[in-house]
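S.K.: Please see the structure below; I have some questions.
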């Protein structure tokens, strides 16, 4: 008889990182500049300021490298860094497994403002994670959120 683990632990990047080229930053800068100039021409100065701040924030976020985070799946819930997501606050899970492109655990939360939690699996066995989580939460196909789709298109 095979012993099942009490917990599954691993470390991974907090999100999938794609190196940004100089062209990417130029494109963000040109789009930001066009938005700021358009807002000034429309005499909407608040929109001009907001557009500049958004462009600057996107550039900063694009240059940021992901931190390495500890993940732990145990009998109480899924822990990401220091934050525990109890099973009672999760609706379902799905493992998006398409190596080498994708190997990700997606949790669907009951919370309104953070419905999907994406976790990189890296070298962790997805079948072991699926088997363990299915004891506590139902497995259900979770489609990629629109925010994730837009992030992927923009190179995040």
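The values are calculated or read from the model by the stated rules, or taken from the named source; none is laboratory data. Note that the coordinates shown come from a computational prediction; the quantities given were computed from them, not determined experimentally. Cβ placement follows ideal geometry from the backbone for every residue including glycine, while neighbour counts extend to all protein chains displayed.
S.K.: Given 103, 110, which one is touching a helix residue (DSSP H, G or I) at 6+ places or on another chain (Cβ under 7 Å) and within 16 Å of residue 18 (Cβ to Cβ)?
M.R.: 103
Residue-wise test of (1) within 24 Å of residue 128 (Cβ to Cβ); (2) part of a loop (DSSP other than H, G, I, E, B); (3) over 24 Å from the mean Cα position of the chain (by Cα).
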| position | (1), (2), (3) |
| --- | --- |
| 28 | no, no, no |
| 34 | no, no, yes |
| 37 | no, no, yes |
| 62 | no, no, no |
| 66 | yes, yes, no |
| 72 | yes, no, no |
| 88 | yes, no, no |
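S.K.: Moving to a separate point now. Which is buried (at least 17 other Cβ atoms within 10 Å of the Cβ) and at pLDDT 90 or above, of 84, 133?
M.R.: None of the other options fit; the residue is 133.
S.K.: If you don't mind, there's one more thing I want to ask. Looking at (1) surrounded by fewer than 16 Cβ atoms within 10 Å (Cβ to Cβ); (2) more than 17 Å from the chain's Cα centre (by Cα); (3) outside any strand (DSSP E or B), can you tell me which one residue 19 breaks?
M.R.: (2)
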